[in-house]
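Novice: Before we start, here is the structure in question, set down as structure tokens.
The values are calculated or read from the model by the stated rules, or taken from the named source; none is laboratory data. It should be emphasised that the depicted structure is a prediction, and the values quoted were computed from it without experimental measurement. As a convention, Cβ positions derive from the backbone with ideal geometry for all residues, glycine included, and neighbour counts pool all protein chains shown. When the accessible area is computed, the model is the full protein with side chains, heavy atoms only, and any ligands, DNA or RNA have been set aside. Shrake-Rupley method; radii C 1.70, N 1.55, O 1.52, S 1.80 Å.
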Amino acid sequence: MLDFVIPPPVTPSLAVAGSAEHLPPERFPIRRVFCVGRNYAAHAREMGQDPDREPPFFFMKPADAVVPAEGIIAYPPATRDLQHEVEMVVALKAGGSNIAPEHALALVWGYGVGLDLTLRDLQAVAKDMRRPWDLSKGFDASAPCSALHPVSEVGHPTDAQISLTINGVVKQNGTLQEMIWPVADVISHLSRFVELAPGDLIFSGTPAGVGTLRPGDRVHGKLAGVAEFELEIGQAP
């Protein structure tokens, strides 16, 4: 048995929806978090990019950046422009390399809906200076997510509406059909670069309408027929 010089970290995890009440609550362990950039054409255009020119690209968040999308989410330090990006979240039960698109969905355990929170001002400065923008995406609690729902209950969503409201006002509203690269293609493409594994999460991109979150905002995200969440943004430090 291994001895560690410090206690090993707790494995980050998400709740599993629909667990039987008389059983211990089930959890989905999180290994890695991959995020697809500009996977909706309208969002790519609002960010000043041509959606027809490039294959999917990815960035990552730490596994412990994933937190339950509920209660109060702390407003992060070092920013004046915290922005929301609502996304379908894909949870993998199996992995592999060089996976063909027609086999990719067999790797999926289930789905949820979450936020890719972004420090847009820090990201803009990093881009202008040709520096990495990891900290603008991978800060603490930067990936709030709903409980996960298994494929056996929700199937593989392909045309569901995905939306975000702030204080009752719709800010983002689209459908999964607008994705440039659907889930099977995203998994296949990503598996060319890394060997995927059980416990990996994929944030699959956001529709148009990203914008600023302010302290006290009430945020409601929904992937119709699959999952939803409601949370509040805490006061600025």
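Novice: I'd like to check one number: the per residue accessible area of the chain, probe 1.4 Å, reported in Å² as a whole number.
Specialist: Result: 50 Å² of accessible area for each residue.
Novice: Taking the Cβ-Cβ separation of E228 and R32 as r and a Förster radius of 30 Å, what is the calculated FRET efficiency to the nearest 0.05?
Specialist: 0.75
Novice: Kindly identify region 189-237 as rounded, prolate or oblate by the Cα gyration tensor criterion: order the square roots of the eigenvalues as a ≥ b ≥ c, call it rounded if a/c is under 1.5, otherwise compare a/b with b/c, prolate if a/b is larger, else oblate.
Specialist: Here region 189-237 falls in the prolate category.
Novice: Counting Lys and Arg as +1 and Asp and Glu as -1, what is the net charge of the other residues whose Cβ lies under 15 Å from the Cβ of A65?
Specialist: Local charge sum for A65: -3.
Novice: Another one. If I stretch the segment between F57 and D128 completely, what's the gain in nm (0.36 nm per residue apart, minus their alpha carbon distance), one decimal?
Specialist: 23.7 nm
Novice: Quick one: with all protein chains in place, what share of the accessible area of region 105-237 is carbon or sulfur, to the nearest percent (1.4 Å probe)?
Specialist: Exposed carbon and sulfur together represent 51 percent of the surface.
Novice: Given an 8 Å cut-off on Cα distances and at least 6 residues of separation, report the relative contact order of the chain as a percent.
Specialist: Once normalised by length, the contact order is 31 percent.
Novice: For E195 paired with F4, estimate the spin-label separation in nm (one decimal), with each label point 7 Å from Cα along the Cα-to-Cβ line.
Specialist: Reported label-point gap for E195 and F4 is 2.3 nm.
Novice: Using 7 Å Cα-to-Cβ label points, what is the E70/H156 separation (nm, one decimal)?
Specialist: 3.0 nm
Novice: Can you order the peptides 61-69, 197-205 by their average number of other Cβ atoms within 10 Å per residue, highest first?
Specialist: The peptides rank, most packed first, as 197-205, 61-69.
Novice: Further, regarding this structure: Going by average Cβ density within 10 Å per residue, which order do the peptides 118-127, 220-229, 5-14, 31-40 take, highest to lowest?
Specialist: In decreasing order of mean packing, 118-127, 220-229, 5-14, 31-40 become 31-40, 220-229, 118-127, 5-14.
Novice: So, by mean Cβ neighbours within 10 angstrom, what's the order for 151-158, 91-98 with the highest one leading?
Specialist: 91-98, 151-158
Novice: Per 10 Å bin from zero, what fraction in whole % of the C-alpha pairs of region 68-160 is there, up to the bin with the longest pair?
Specialist: Calculated P(r), rounded to whole percents: 15, 35, 28, 21, 2.
Novice: What number do you get for region 101-237 when its Cα radius of gyration is normalised by 2.2 N^0.38 Å, N = residues?
Specialist: Rounded to two decimals, the normalised Rg is 1.13.
Novice: Mind jotting down a quarter of the surface of the convex hull over the alpha carbons of the chain, in square nanometres, one decimal?
Specialist: 15.0 nm²
Novice: Straight distance only, please: which lysines reach the Cα of K222 with their own Cα at less than 29 Å, same-chain residues fewer than 8 apart left out?
Specialist: Candidates past the 8-residue exclusion: K61, K93, K137, K171.
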